[in-house]
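The block underneath contains the structure these notes are about, expressed in structure tokens.
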Amino acid sequence: QVQLVESGGGLVQAGGSLRLSCVGSLSWFSSSTMGWYRQAPGKQREVVATITSGSITNYADSVTGRFTISRDNAKNTVYLQMNSMKPEDTGIYYCKANTIFGNYWGQGTQVTVSS
């Protein structure tokens, strides 16, 4: 059974930083594209950043230059470093794994940015 477990969420003031982590139990982690998504209250879930197995990254326009996605395949972990945070970054952040066997989601971690 594939499990993705996020951690690192919390409350931060505008301008502050947080680092999210997502640990995957899947043995094919290194060959999977991993992504971070978020869902704000009353809004649809949206992609924040993705990283391929070859570490090619993509970012939503709203976070480019502020957020950095990275991965450590030896630890089956993907990270999201969030700097210069804004109140509009508030939401539940989810980790997603795109694998040849299907897509898997974590349970999410709450991020709240106060103004």
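The values are calculated or read from the model by the stated rules, or taken from the named source; none is laboratory data. As the structure is a prediction and not an experimental result, all values here were calculated from the model. As a convention, Cβ positions derive from the backbone with ideal geometry for all residues, glycine included, and neighbour counts pool all protein chains shown. Heavy atoms of the whole protein, side chains included, go into the accessibility calculation; ligands, DNA and RNA do not. Shrake-Rupley method; radii C 1.70, N 1.55, O 1.52, S 1.80 Å.
Okay, here's what the table says:
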item: Total residues in region 12-51, condition in a loop (DSSP other than H, G, I, E, B), open to solvent by 40 Å² or more (accessible area, probe 1.4 Å), of a type outside the set (A, V, I, L, M, F, W, C) and closer than 28 Å to Q1 by Cβ; result: 4
item: Matching residues, region 2-11, being open to solvent by 30 Å² or more (accessible area, probe 1.4 Å) and at positive phi; result: G8
item: Neighbours by Cβ (under 6 Å, 6+ apart or cross-chain): first from region 103-115, at negative phi and open to solvent by 90 Å² or more (accessible area, probe 1.4 Å); second part of a strand (DSSP E or B) and among the basic types (K, R); result: W105/K96
item: Residue within region 67-83 that is open to solvent by 70 Å² or more (accessible area, probe 1.4 Å), under 18 Å from L4 (Cβ atoms) and free of Cβ contacts under 8 Å to residues at least 40 places away in the same chain present; result: yes
